[in-house]
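A short write-up of the structure that comes next.
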Amino acid sequence: MQERKHTTKYLLPVAFAVILVVSLALGVRFLRSTLMKLTIEERSNQLEEMVTQIQANLDSGLQTHWNLVAGLNNAVQGSHFQSSQELCGAIAHLEKLFCTDMYGSRVMLLDEQGTAYLRNGPVGIWLDVSHLTDGKNQHTFVSETDNIDGCFLVFSQELDSPITMGEKNVRFTHVVLLKDIQTVKQYYTTTTYGGKAATYIIKENGTLAYFDADEDDVIGARNIYKALREAEYVQGRNFDMIRQQLDRDGIVAAHILLNQTEYYYCLTALEHYDMTLMLLIPADCVAVSTMNMMNATVRTQTIFMSIVVILMLLAVISFVNVQRTSQRVKLEQETNRELNRLRMAAESANAAKSTFLNNMSHDIRTPMNAIIGFTNIALKQSPKPEIKACLDKIRDSSEHLLTLINDVLDISRIESGKIQFSPVPVDITEVADTVVNVTCGFLSDRNITFQCNLQEPETRYVLADALRIREVLVNILGNAVKFTKDGGTITFDADYRPGADEQHIVACYRVADTGVGMSEEFVEHIFDEFSQEESSARTQYKGTGLGMAITKRYVDLMGGTISIVSKKGVGSVFTVELPLEVTEESRIHKQDSRSGIQDLAGVKVLMAEDNDLNAEIAVIQLEEMGIQVTRVADGKEAVNLFAQNPAGTFDIILMDIMMPVMDGYEATAAIRGMSNRPDALLIPIIAMTANAFAEDVQASLDAGMDGHLSKPIVIDEVVKAISGNISRK
């Protein structure tokens, strides 16, 4: 009896211990299974959310290209071209007009027979024309054909109104945008997984259209669907089940083994584009913290199975960490969405800023032209001294305001990348001479000693952007004049030393002054926009604080360096070094001696100007020189007046751009297109407009004009333009 009680006494603890051990073992197994399911689910959800975000970016980017195709359709539909050369020229113009290079794209037109035309000519029957025969108006697919090099994402739209060409009226039915498939990368690139994520764009038949990753392709097959079908799937799934879920939900994630390594992949259908996007990531890169915690928990429970408290504590810690990991992932996703929203808002704001600056340039320059023009006219009337003093101040203030406007526009255009470095053959010594002459003008009413040490280089002729170099040096010297008190000294040195090889030299410019100088703290910020050391400097010395920012950007653009040594109350030393490529003297374009200013008395000018004040200013100043001016208020009147008068009635046309009824570009095209007037192609047409950007100048030349003058007009420049064009007529 006692033995039975003794046995029972130990049996119950043993049984309890066995039950506890079994319970804990089952608990460990259950916990492991549960954590594995949670991990797989979290990994899949995380991957699907990432792919959904990428898909949204890709859809947005591709929609932009559809908008571009719509614009191309509107631009060319119903057109007729005399020859294939004219057609290809029109394609080249469209690519330039719509800036297709920015999108990594090019334009193609298809005729009824399937012949493809690019800007450099026809390339034969397009091998993918069969994609367009299903009766749909728009098509998108990936193209790899032998007659057009490269792999492209195709955006094809049937023209609303066909194009015709030649006497036989060959019909063109489709406009096509070919986007380099590699440029699609910007829409799906992600660094979330440390560069280990691989992205695949898959055609409808399963073949690979494009692959992008920092490492080698682990699938290594041409047909991705076939490779996925042959892969080993975790948890009993197969590729057929994956395809069914993809067709049903539009997105699906799966867990597979490739080369004995676990991977997760996610497929998402790109609606309307007959393509599928796949993201492939090593399993150890997805939900890493959760997986590590699960393994640590299992090991701990296996080793310390008998310590119930510790096991429970570890379970609580594991649960808390899982929750924190989930919250961290959600927070990262919300942060990414917010960053994306802010990026889009910034891009929108930047576009609005560019539009505002373009409008501001025109709208401010127009009244500035009137202010400066009438001031100069009034000054020629020998006004009373007190009135002349007022007029001089108005003129100086107007010119200062124009300088501020130009500074603001310059820094904006530099930031947007619209100002490019354009080196041409020049005599580099003439650049320094011009800078010295300009600086002497600054010093005309100052008591400052100006010392120049200009070295004669062994090689004078180089490739350089003389305008930018002059602007850099004039900015620095202008500041030296501004911040140096009377009685001080400014020194300008220009010397030249050998460059990296025999084909290069380095131009070294040094500007030293005994001006107010700068503190060490401010020197570090002198190239910041709107930077001025003291709050009173803007009032005392005038300016926007943009001059040195623009100077630094120009020096960087030319591949040079700029350095500063300055001490408060002692002065400053600026050193600029610019690498220049050597060229030959024969490449320097000499100025045509015939382009000098002539006696313009009796010259007959047709002037199209819708602004009465601007017209009045120009007429007064031109007629003072004996020029006969006939003014019209818009481009239509200019065209009609030119057509109604015989050849020789007018010697030159001054054409405003932004006018009602018909603008300057349209009027120029109409005049140049008068087939019954041989002089229509010969008469000089000069743009005289408030549109002052480099692309505005190019637009004037592209429209058939012979020159471009920006408002506010400088009468000497107008006279020089008239004289030069009449002498070449």
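The values are calculated or read from the model by the stated rules, or taken from the named source; none is laboratory data. It should be emphasised that the depicted structure is a prediction, and the values quoted were computed from it without experimental measurement. Cβ atoms come from the backbone with ideal geometry, glycine included; neighbour counts cover every protein chain shown.
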> So how many residues does region 621-639 have that are touching a strand residue (DSSP E or B) at 6+ places or on another chain (Cβ under 7 Å) and touching a residue at least 40 places away in the same chain (Cβ under 8 Å)?
Replying inline: 2
> Can we say Asp501 is surrounded by fewer than 20 Cβ atoms within 10 Å (Cβ to Cβ), modelled with pLDDT of 85 or more and within 18 Å of Ile469 (Cα to Cα)?
Replying inline: no
>> With the requirement that a residue be surrounded by fewer than 11 Cβ atoms within 10 Å (Cβ to Cβ) and closer than 16 Å to Gly206 by Cα, what does region 242-265 give you?
In response: Asp247
> Could you say whether any residue in region 689-708 is assigned to a loop (DSSP other than H, G, I, E, B) and over 31 Å from the mean Cα position of the chain (by Cα)?
Replying inline: no
> Can you pull out the residues in region 67-107 that are out of contact with any helix residue (DSSP H, G or I) (no Cβ under 8 Å at 6 or more places or on another chain) and modelled with pLDDT under 85?
Replying inline: Met102
> Exactly one of (1) under 17 Å from Ile564 (Cα atoms); (2) in contact (Cβ under 8 Å) with a residue 60 or more places away in the chain; (3) more than 30 Å from the chain's Cα centre (by Cα) is unmet by Thr491. Its number?
Replying inline: (2)
> Within the bounds of region 424-446, is there any residue that is surrounded by 15 or more Cβ atoms within 10 Å (Cβ to Cβ) and under 20 Å from Lys568 (Cβ atoms)?
Replying inline: no
>> Against the condition closer than 17 Å to Gly569 by Cα, modelled with pLDDT under 85, among the acidic types (Asp, Glu) and surrounded by 13 or more Cβ atoms within 10 Å (Cβ to Cβ), how does Glu471 come out, does it pass?
In response: no
>> For region 671-688, which positions are in a loop (DSSP other than H, G, I, E, B) and surrounded by 16 or more Cβ atoms within 10 Å (Cβ to Cβ)?
In response: Arg677, Ile683, Pro684
>> When the residues of region 509-531 are narrowed to those that are modelled with pLDDT of 90 or more and either among the acidic types (Asp, Glu) or under 19 Å from Ile550 (Cα atoms) (or both), which ends up nearest to the chain's Cα centre (by Cα)?
In response: Tyr509
>> So Ile722 passes all but one of these: (1) more than 30 Å from Ala92 (Cα to Cα); (2) modelled with pLDDT of 90 or more. Which condition number does it fail?
In response: (2)
> Quick one: would you say Thr668 is part of a helix (DSSP H, G or I), touching a residue at least 24 places away in the same chain (Cβ under 8 Å) and either surrounded by 13 or more Cβ atoms within 10 Å (Cβ to Cβ) or on the phi < 0 side of the Ramachandran plot (or both)?
Replying inline: yes
>> If I filter region 197-218 down to residues being of a type in the set (Ser, Thr, Tyr) and in contact (Cβ under 8 Å) with a residue 60 or more places away in the chain, which single residue comes out as farthest from Phe152 (Cα to Cα)?
In response: Thr199
>> Could you tell me how many of the residues in region 457-495 are assigned to a loop (DSSP other than H, G, I, E, B), among the charged types (D, E, K, R) and over 19 Å from Arg553 (Cα atoms)?
In response: 4
>> Can you go through Leu613, Leu654, Leu682 and tell me which one is in contact with a Leu (Cβ under 8 Å, 6 or more places away or on another chain) and touching a residue at least 12 places away in the same chain (Cβ under 8 Å)?
In response: Leu654
> Out of the residues in region 644-665 that are closer than 15 Å to Gln628 by Cα and either of a type in the set (Phe, Trp, Tyr) or modelled with pLDDT of 90 or more (or both), which is surrounded by the fewest Cβ atoms within 10 Å (Cβ to Cβ)?
Replying inline: Thr649
>> I need the full set of residues from region 83-138 which are crowded, with 18+ Cβ neighbours inside 10 Å and basic (Lys, Arg), in order please.
In response: Arg106, Arg119
> Which of the following residues is in contact (Cβ under 8 Å) with a residue 24 or more places away in the chain, over 22 Å from Phe141 (Cα atoms) and of a type in the set (Ser, Thr, Tyr): Thr268, Thr261, Thr276?
Replying inline: Thr261
> Quick one: in region 203-260, which of the residues that are basic (Lys, Arg) and assigned to a helix (DSSP H, G or I) is nearest to Ile181 (Cα to Cα)?
Replying inline: Lys226
> From the list Asp284, Asp217, which residue is at pLDDT below 85 and in contact with a strand residue (DSSP E or B) (Cβ under 7 Å, 6 or more places away or on another chain)?
Replying inline: Asp217
> How about region 68-85: which of its residues are in contact with a strand residue (DSSP E or B) (Cβ under 6 Å, 6 or more places away or on another chain) and outside any helix (DSSP H, G or I)?
Replying inline: Gln77, Gly78, Ser79, His80, Phe81
> Does Thr268 fit the bill of being surrounded by fewer than 17 Cβ atoms within 10 Å (Cβ to Cβ) and among the polar types (S, T, N, Q)?
Replying inline: no
>> Any residue that is acidic (Asp, Glu), part of a strand (DSSP E or B), out of contact with any Gly (no Cβ under 7 Å at 6 or more places or on another chain) and within 23 Å of Leu208 (Cβ to Cβ) - is there at least one of those in region 160-169?
In response: no
